[in-house]
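Heads up, the thing below is written out as structure tokens.
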Amino acid sequence: MGVRVRRADERDRDQVVRILEEAFHDDPVSGWVFPDEEHRRAVHGKFLGVFADITLKGGYIDLLEDGTAAALWLSVPAGAPEGDDDTPALMRETADPGNERAELVGRLTGAVHPHDRAHAYLLMIGVAPERQGEGIGEALIAEVLERCDREGTPAYLEASSARSRGLYERLGFTFMGRTVDLPDGPPMWPMWREPQAG
């Protein structure tokens with residue numbers, strides 16, 4: 001499936017956040033972080049905006065030209081990170097200061113993130129609900145995975161639903177064997193993809 005993709009910049013931030021907000025509104029993890037739907041509508045965009053800002057600053061965002069999908073990528077170097085990661089606290093502070101789950105989800109995923117090898121990290125990918133199931137997400141990240149294969153770079157992500165886990169398995173990712181278990185909430189599946197020979 002051919003899709004027209006461009007690299008997003010700061011001018012695209014609000015559009016990227018809007019795509020993520022729509023795509024993840026009914027996601028199991030978003031529902032766990034913000035169980036009240038009305039409250040989720042009010043704060044979800046602020047929460048997801050933190051991911052967009054971090055990626056615009058330190059990674060890159062691939063945006064479908066028609067504005068229906070976005071993929072957020074970071075390059076993670078080998079070796080343990082220096083100092084504490086303040087991103088989870090920022091997620092909570094920015095979106096919903098009284099909600100510890102807004103920070104806990106970042107702490108729990110950060111605790112299992114592998115650091116023994118440099119890799120491409122698919123932080124998030126969102127496809128507008130009316131376009132889901134058309135292969136857009138797969139097409140959007142295929143180019144990056146092809147580059148990973150050429151350069152011998154592994155890739156990593158956390159799947160937030162069984163449906164997305166299935167998509168990533170088709171793309172060569174494998175479940176790392178231990179879920180991230182949100183307290184009284186849904187599991188997340190850390191997944192790794194070794195570069196594949198052409």
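The values are calculated or read from the model by the stated rules, or taken from the named source; none is laboratory data. Predicted model only: the values in this text are computed from it and were never measured. Cβ sites come from the backbone with ideal geometry, for glycine too, and all protein chains shown count toward neighbours. Only protein heavy atoms, including side chains, enter the accessible area calculation; ligands, DNA and RNA are left aside. Shrake-Rupley method; radii C 1.70, N 1.55, O 1.52, S 1.80 Å.
Between D14 and E130, the FRET efficiency from the beta-carbon distance, with R0 = 25 Å, is close to 0.85.
With a 1.4 Å probe rolled over the protein heavy atoms of all chains, the accessible area of D36, D149, D86, D12 falls in the order D86, D36, D149, D12, largest first. Rolled with a 1.4 Å probe across the full set of protein chains, the surface gives F175 an accessible area near 60 Å². A 1.4 Å probe, protein heavy atoms only, puts the accessible area of V50 near 10 Å². Each of R107 and D85 was given a label point 7 Å from its Cα along the Cα-to-Cβ line. The distance between the two points is 1.3 nm. Averaging Cα coordinates gives a centre for region 96-127 and one for region 1-47; these two points are 15 Å apart. With loop membership from DSSP and a limit of 16 other Cβ atoms within 10 Å, the longest segment of the chain without trypsin sites (Lys or Arg not before Pro) is 5-116.
When the GluC sites (Glu not before Pro) in region 122-184 are filtered for DSSP coil states and for at most 16 other beta-carbon atoms within 10 Å of their beta-carbon, the remaining sites are E134. Rounded to the nearest 500, the 222 nm mean residue ellipticity of the chain from helices alone is -13500 deg cm²/dmol, with -39,500 (n - 2.57) taken per DSSP H run of at least 4 residues. Measuring only protein heavy atoms, the 1.4 Å probe finds Y121 accessible over about 20 Å².
Given their separation in residues at 0.36 nm each and the Cα-Cα distance between them, R147 and A162 gain 2.8 nm when the chain is fully extended.
Normalised by the residues of the chain, what does the relative contact order come to in percent, with Cα pairs under 8 Å and at least six apart? Relative contact order here is 22 percent. If the segment from A42 to R6 were pulled out straight at 0.36 nm per residue, it would be longer than the present Cα-Cα gap by 10.1 nm. In plain terms, the chain from E100 to E169 could stretch by 21.7 nm, reckoned as 0.36 nm per residue minus the Cα-Cα distance.
Roughly speaking, to the nearest percent, how much of region 22-128's 1.4 Å accessible area is carbon and sulfur? Accessible surface attributable to carbon and sulfur in region 22-128 totals 50 percent.
Per-residue 3J(HN,Hα) values for region 78-90, derived from phi via the Karplus relation 6.51 cos²θ - 1.76 cosθ + 1.60 with θ = phi - 60°, read 6, x, 5, x, 7, x, 7, 7, 8, 4, x, 5, 5 Hz in sequence order (x marks Gly and Pro).
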